[in-house]
Amino acid sequence: MTAPITTVAARKGGRWIEKWDPEDETFWRETGERVARRNLLFSVLSEHIGFSIWTLWSVMVLFMGPEYGIDPAGKFFLIGTATLVGAIVRVPYTFAVARFGGRNWTIFSALMLLLPTVAAFAVMEPGTSYTTFMVVSALTGVGGGNFASSMTNINSFFPLRKKGWALGLNAGGGNIGVPVVQLIGLLVIGTAGAAHPRIVLGVYIPLIIGAALCAALFMDNLAPVTNDTGAAREAVRDRHTWIMSFLYIGTFGSFIGYSFAFGLVLQTQFGRTPLQAASITFIGPLLGSLIRPVGGMLADRFGGARITLWNFAAMAAATGVVVFASVIESLTVFLVGFVALFLLTGLGNGSTYKMIPGIFQAKALAGGMAGEAAAAYGRRLSGASMGLIGAVGALGGLAINLAFRQSFQTAGTGTSAFVVFLVFYACCFALTWAVYLRRVPVSAVQAETKPQLSYAEV
């Protein structure tokens, strides 16, 4: 008979569940599922707000008219700063859950969002120095770390057969924080005008406090969860961690980079007013967030590597449409191509994340492991590598914004930046094919003595 979950109210300052075995079907049915779903719900809430705060400056720059004295290159650098910090903090946030507990860290990470929000509320007015804006923008990067800790935490609550659904819902719910903050910005600009950015910040301050309170009241810590430093070291040394990091730059890095830059590109290249830009900006991130689970579902059916391969081909084609639109200065064609890019980044996010555990399990099978041993190895290495892959992938957002900054600074348009992105997606296509889909001929002796590594179905 499965031992019941027990909670120690005073351990390490929070509620700790001492026994947790989601793979036991009786335990899961009687107690585990209810607790896991409750923690998932409030984890999504905190991560959602974290994404909104991380991408806050994609909205704030729309309020920064000529009176702020900041040119487009300076604005791209502001949002690039937030992207950089958000990528870096993903690494420590990944390991913080096991060190401090999922509930405890969710409370802390939610309250940390008050720091950049209150700081922005204090300085968001003409006359503030550019250095001050850069510091405040950097502070919003803490919101980027929420994704890593939230995914790590929820991964521990659910059994293997439920992880795909739970992690997909957790990631999608968080990503939607990007279009939500942009919609709030649109509402404020459309009603109060572009001179009142503090209203957006005023909306989020009570939401942040509410998320922290919900985490304190309704979430739990899992005592059995510990940091596997050996797996982390092995993941760092494994080439697949870095290959998947490169591919994730192309998918999630594109999603977060375009989310930050979309409105600013519309203002700078196509002369849209703050209201006109804000009325369009949210569409791409919203569609990219909603379609992410579809990428995972397609990967389940056809193989993650195959979906990722053709997704990069489609991303290159969509970027070609955007380059063409930039040359002929057609806003309509530009929007068609750019929204298609957002959809494809969402699909790619789902398919690349699906590949990671399959790659390590396939490697274990090729190394002679079998059955549950191979599956356990895949879970261990994929769990250790995901935080690093997520962090490196997010750096793609920084690269995109720096490319836009340089392109607008030197040529006055984003065309050259999009050409660079097109070449990068072609490289991602080639790398996916070469490593995960190319069939390597083997001799009869090799086939008999050593299982061949196959990633076609991952």
### Query
Given the residues Thr319, Thr345, which is the only one that is in contact (Cβ under 8 Å) with a residue 12 or more places away in the chain, of a type in the set (Val, Ile, Thr), under 19 Å from Val294 (Cα atoms) and crowded, with 19+ Cβ neighbours inside 10 Å?
Thr345
### Task
Test each condition in (1) of a type in the set (Val, Ile, Thr); (2) without any contact (Cβ under 8 Å) to a residue 12 or more places away in the chain; (3) open to solvent by less than 10 Å² (accessible area, probe 1.4 Å) for Ile199 and report the one that comes out false.
(3)
### Query
Is it true that some residue in the range 387-397 is closer than 30 Å to Lys363 by Cβ, of a type outside the set (Gly, Ala, Ser), part of a helix (DSSP H, G or I) and open to solvent by less than 10 Å² (accessible area, probe 1.4 Å)?
yes
### Query
So which residues in the range 283-324 are more than 20 Å from Gly172 (Cα to Cα) and not in a helix (DSSP H, G or I)?
Gly303
## Note on the structure
Of those in the range 405-428 that are more than 30 Å from Ile70 (Cα to Cα) and either touching a Leu at 6+ places or on another chain (Cβ under 6 Å) or free of Cβ contacts under 8 Å to residues at least 60 places away in the same chain (or both), the residue least open to solvent (accessible area, probe 1.4 Å) is Cys428
#### Entry: Residue within the range 357-376 that is in a helix (DSSP H, G or I), under 23 Å from the mean Cα position of the chain (by Cα) and among the hydrophobic types (A, V, I, L, M, F, W, C) present
yes
### Task
Could you run through the range 33-69 and say how many residues are among the β-branched types (Val, Ile, Thr) and surrounded by fewer than 24 Cβ atoms within 10 Å (Cβ to Cβ)?
2
### Message
Being touching a residue at least 40 places away in the same chain (Cβ under 8 Å), open to solvent by 10 Å² or more (accessible area, probe 1.4 Å) and within 27 Å of Gln269 (Cα to Cα): is that true of Pro72 here?
### Response
yes
### Task
Tally the residues that are under 11 Å from Pro72 (Cα atoms) and out of contact with any helix residue (DSSP H, G or I) (no Cβ under 6 Å at 6 or more places or on another chain), restricting the search to the range 407-426.
1
### Task
Could you tell me which residue of the range 375-386 is most open to solvent (accessible area, probe 1.4 Å), considering only residues that are in contact with a Phe, Trp or Tyr (Cβ under 9 Å, 6 or more places away or on another chain) and among the hydrophobic types (A, V, I, L, M, F, W, C)?
Met386
#### Entry: Selection within the range 289-309 - among the polar types (S, T, N, Q) and within 14 Å of Leu167 (Cα to Cα)
Ser289
### Message
Residue pairs, Cβ under 6 Å, 6 or more apart or interchain, first in the range 26-48 and within 26 Å of Gly141 (Cβ to Cβ), second modelled with pLDDT of 95 or more and of a type in the set (Val, Ile, Thr). List them.
### Response
Ser46/Thr106
### Message
Name the residue that is least open to solvent (accessible area, probe 1.4 Å), counting only residues in the range 259-316 that are polar (S, T, N, Q) and touching a Leu at 6+ places or on another chain (Cβ under 6 Å).
### Response
Asn311
### Message
Could you go through the range 210-222 and let me know if any residue there is in contact (Cβ under 8 Å) with a residue 12 or more places away in the chain, outside any helix (DSSP H, G or I), closer than 29 Å to Gly74 by Cβ and open to solvent by less than 20 Å² (accessible area, probe 1.4 Å).
### Response
no
### Message
I'm told Ser150 meets every condition in (1) under 27 Å from Ile356 (Cβ atoms); (2) more than 15 Å from the chain's Cα centre (by Cα) except one. Can you identify the failing condition by its number?
### Response
(2)
### Message
Going residue by residue through the range 329-338, is there one that turns out to be in a helix (DSSP H, G or I), of a type in the set (Ser, Thr, Tyr) and open to solvent by less than 30 Å² (accessible area, probe 1.4 Å)?
### Response
no
### Query
Which condition breaks for Phe133 when tested against (1) surrounded by 24 or more Cβ atoms within 10 Å (Cβ to Cβ); (2) at negative phi; (3) within 22 Å of the chain's Cα centre (by Cα)?
(3)
### Query
Which one of these is open to solvent by less than 10 Å² (accessible area, probe 1.4 Å) and of a type in the set (S, T, N, Q): Thr106, Thr140, Thr81, Thr94?
Thr140
### Message
For the range 91-170, give me every one of the helices (runs of 4 or more DSSP H) that falls completely inside it and has 2 or more residues that are touching a Leu at 6+ places or on another chain (Cβ under 8 Å).
### Response
114-123, 130-139, 142-157
### Query
Tyr436: part of a helix (DSSP H, G or I), aromatic (Phe, Trp, Tyr), open to solvent by less than 70 Å² (accessible area, probe 1.4 Å) and at pLDDT below 95, yes or no?
yes
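The values are calculated or read from the model by the stated rules, or taken from the named source; none is laboratory data. Values in this document were obtained by computation on a predicted structure and should not be read as measured data. Cβ coordinates were reconstructed from backbone atoms using ideal geometry, including for glycine residues, and neighbour counts include every protein chain displayed. Accessible surface is based on the protein model in full, side chains and every heavy atom, while ligands, DNA and RNA are left aside. Shrake-Rupley method; radii C 1.70, N 1.55, O 1.52, S 1.80 Å.
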